[in-house]
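Reading through the structure tokens given below for one structure.
The values are calculated or read from the model by the stated rules, or taken from the named source; none is laboratory data. These numbers were taken from a predicted model, which means no experiment stands behind them. Quick reminder, even Gly has a Cβ in these numbers, built from the backbone with ideal geometry, and neighbours come from all protein chains shown. All accessible areas refer to the heavy atoms of the entire protein, side chains included, with ligands and DNA or RNA removed. Shrake-Rupley method; radii C 1.70, N 1.55, O 1.52, S 1.80 Å.
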Amino acid sequence: MDSAAAIPLATDSKQPGAQPTLVRRLGLLDSVLLLVSGIIGSSIFLTAKDIAAPLPHPAWFLMVWVLGGLISLCACFAFAELGSMFPASGGQYVYLREASGDLVAFLYGWMLFTVANGGSIAALSVGSAAYTGQIFGFFSQEHIVLTLAGVVVTRAHILALFLIAVMTWMNVIGLRRGAALQNVATWAKFAAMAAFVILGLAIGKGDWSHFTTKAWGTTGGLTLGLGPWQLLSAIGVGMIAVFWAYDGWVYITWVAGEVKEPRRNVPLAMVLGVVIVGLIYIAMNVLYVYALPGTEVARHETIAHAAAVALFSPRAAIWLSAMIAVSCFGAAATCTLSGARVYYAMACDGAFFRSMAQVHPKWRTPALSLIGQGIWAAVLTLSGNYDRLYTYVMFGMVLSYTLTVIGLFLLRWKRPDIPRPYRCTGYPWLPAIYVLIGGAWTLNTIITRPKESLAGTLIVLLGIPGFLYWKRASRKVSAVE
């Protein structure tokens, strides 16, 4: 469990008599679309309120989105070097294993399976189904199918389970089919968002005066009514939502074992993807401010809906619901495709269910890993606790990114011999900046939300008995072989 060699390298052909392996069939465009689709889910349609409320000017409101993209790029540069060193399935799991050891890597993978990725698939699928219900009333969350042991199951939940089954099956029967499903959803998402922005700015009933301090209820000044430390604190509060919105850029590392020319395409896809997402986010938020004054932006939980109504008419809500449903579905499809590769890598190391290390001989996919992930996501969907669980481990996700960037420094020292086709841009300063910001954000979350942080820590630590069990079982199998 301490070597990258434990994970079979992907190949494009299968030798007679050899165990089937994953295949490298994802090109650069597939990789960029995977990353962009994984990041853009539902957050861009919901987070403006939390960002606008503490900030005193539209310039700062837009600036935090730029800062979020730049800070994410600092981490991407570090991950890109690690990806060029270890172009294997599992991505961040592999980087943590090589830099920090088996236990840290396992707990990261355990957190992904039990809560972070499983919860994301559940939440996005339910979100897609719920917005579909806004268009087709048959799938409304108002229609209860049954209540069992206090769990309420609606038609929206049934549709969400169907979506999880479709996404899982499409990925089981072939990487190209799974990638095609994700790509189609991503292009549809791009088209809908582009139409929303272009039509909104061209013919929408907005007002450019919303970009003034008056529209935000402020009077000007160097920090626009706030002292320097107050402004910094307000930016920090806004950045919490921004970090959530940018989360997902790591997905491409999870499928690195199936990317063509991974030492080139994984780093390039990460940088291009985050830049594209940043531009989309800025365009969407410019539209929000154009549609509504700052006081209104800070008041509406569903900012995209409010902006659509202000720019066009209440009838635009149906079109907007379709756009959000597609966006959530595309993000869920990306989670489904990429997450299973982490559990596959863990199983190859003997650190998870051994059956999940199997590659289907015909379809060349980690079929059982995909199916296990789908079943668990379905359980979380029916439980209704996925949102709460994800809140518990959000600080753990940012902590895992910070530990991985620290791993870049450790591996520069421990493993200077490993080829690095790409070397981190701005090293050591840019990764150091991310470590400081990520560490401060994690510490602040622990201080300000101690109950949620403690609950998340307990969820992660519950994986330790499993780690000890699988490690012992792996040793027994190795001894027999």
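Exactly one residue out of Ser37, Ser89, Ser31 is touching a strand residue (DSSP E or B) at 6+ places or on another chain (Cβ under 8 Å), surrounded by 22 or more Cβ atoms within 10 Å (Cβ to Cβ) and under 29 Å from Phe106 (Cα atoms), and it is Ser31. In a helix (DSSP H, G or I), open to solvent by 10 Å² or more (accessible area, probe 1.4 Å) and either of a type outside the set (Phe, Trp, Tyr) or at pLDDT 90 or above (or both), is that true of Tyr281? So Tyr281 fails the test.
Of all helices (runs of 4 or more DSSP H) completely enclosed by the range 22-137, which ones contain at least 1 residues that are within 25 Å of Ile433 (Cβ to Cβ)? Of the helices (runs of 4 or more DSSP H) lying wholly inside the range 22-137, those with at least 1 residues that are within 25 Å of Ile433 (Cβ to Cβ) span 28-39, 48-52, 58-85, 92-100, 102-111.
Evaluated against (1) in contact with a helix residue (DSSP H, G or I) (Cβ under 8 Å, 6 or more places away or on another chain); (2) at pLDDT 95 or above; (3) more than 30 Å from Arg412 (Cβ to Cβ), Gly118 falls short on exactly one condition, (2).
Consider Gly339 carefully, then state whether it is surrounded by 19 or more Cβ atoms within 10 Å (Cβ to Cβ), within 26 Å of Ala378 (Cα to Cα), of a type outside the set (Asp, Glu) and touching a helix residue (DSSP H, G or I) at 6+ places or on another chain (Cβ under 7 Å). The answer is yes for Gly339.
Scan the range 441-452 and give yes if some residue there is in contact with a Ser or Thr (Cβ under 8 Å, 6 or more places away or on another chain), open to solvent by 30 Å² or more (accessible area, probe 1.4 Å) and part of a helix (DSSP H, G or I), otherwise no. Scanning the range 441-452 turns up at least one residue that is in contact with a Ser or Thr (Cβ under 8 Å, 6 or more places away or on another chain), open to solvent by 30 Å² or more (accessible area, probe 1.4 Å) and part of a helix (DSSP H, G or I). Being over 25 Å from Val242 (Cβ atoms) and not aliphatic (A, V, I, L, M) is a condition met by at least one residue of the range 394-409.
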